[in-house]
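In what follows, a single structure is set out as structure tokens and then discussed.
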Amino acid sequence: MINLEQLQQLVTFEEEGTITKAAQKLLISQPALTRSLQKLEMELDIQLFDRQKNKTSFTETGLYTAKQARQLLRQTEEFLTNIHHQALRNTKLFIGVTAPGPIIDLEALADENHLTQQLDFSIQDESQLLEGLENGEFQVIITEQLIQKEGILSQYFLMEQLLLSVPAKHILAEREELQLSDLKGLSMLLRTNLGSWDAITESLTETNFIKQADSQAFTDLIAASDLPHFSTNITEDYYGESSRRINIPITDDKATKTFYISVLEKNKGLLKTLGL
């Protein structure tokens, strides 16, 4: 009977081009791979290969079989992912977001409402989030557009405004508000992986960013440095204001985002569970 390991070997041979390279990638011997492919050919009762003295190549049918095997392996992986995901739904709530800010509020709501499920977050773009909600990958999504689609319940969640956090003696500290153009020429600390906020930071080509992906390392950098960094009204409310720093609102339209929370109508009880 054909097994998935044989199909993976067939696909690897097609991708690598030679038995030698495929065996090296699969970490098995060439004779073992050759025997396995011969067995597959016999079980299918189809000629998959043209064999010459020093070369084995695919027939047209063999190439088609490798293509079908690749699709089957991908479907098998999706099958396993989906059933494990379903098994976890009793202990985890899968939530997709476009930016990290709403995560802070959702975690706070979960604590306030004594949610027994763990929250599992993923930052993706809006089209992926909507698709994920509809196919069951996510039970809750946070987007920047109200979703008006049959079978989906969508409502306002929160607003997030970008702030610039500077030391009290910084040249910009006395400003009541700023625009993104005011950041030209500044050196700043930047937490990366900000989801949809990344588009703004990437547009600031004349601002010098010192980037850090790790959350704790970034927090340590802020504590040890006098360099400006971005904050928002959400992080300000959650972490509190530092006596060493002043947070100045950035007033560009794109520096403010409105977020909406959405669930499938059949799961509308999740909003009540979260206290919404």
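The values are calculated or read from the model by the stated rules, or taken from the named source; none is laboratory data. What you see is a predicted model; the values in this text were computed from it and never measured. Glycine gets a Cβ as well: all are built from the backbone with ideal geometry, and neighbour counts include every protein chain shown.
Side notes on the structure shown:
- Of the candidates I46, I28, I104, the single residue that is of a type in the set (A, V, I, L, M), more than 15 Å from Q139 (Cβ to Cβ) and not assigned by TED's automatic domain parsing to the domain that holds L10 is I104.
- Matching residues in region 131-147 - criterion: being within 15 Å of the chain's Cα centre (by Cα) and in contact (Cβ under 8 Å) with a residue 40 or more places away in the chain: L133, E137, F138, V140, I141, I142, T143
- Residues in region 89-105 that are closer than 24 Å to I200 by Cα and in contact (Cβ under 8 Å) with a residue 60 or more places away in the chain: V97, T98, A99, P100, G101, P102, I104, D105.
- Considering the conditions (1) over 24 Å from F209 (Cα atoms); (2) assigned by TED's automatic domain parsing to the domain that holds F218, P167 is excluded by exactly one of them, (1).
- Every condition in (1) at pLDDT 90 or above; (2) surrounded by 12 or more Cβ atoms within 10 Å (Cβ to Cβ); (3) of a type in the set (A, V, I, L, M, F, W, C) holds for A168 except the one numbered (1).
- The set of residues in region 15-70 that are of a type in the set (A, V, I, L, M), under 18 Å from M1 (Cα atoms) and either in a loop (DSSP other than H, G, I, E, B) or more than 34 Å from the chain's Cα centre (by Cα) (or both) comprises A32, L33, L37, L40, M42, L44, I46, L48.
- Listed by first and then second residue, the pairs linking a residue in region 198-223 that is assigned by TED's automatic domain parsing to the domain that holds L164 and more than 22 Å from K257 (Cα to Cα) to a residue that is of a type outside the set (S, T, Y) and assigned to a helix (DSSP H, G or I), with Cβ atoms under 7 Å apart and 6 or more places separating them unless they lie on different chains, are Q212/F218; Q212/L221.
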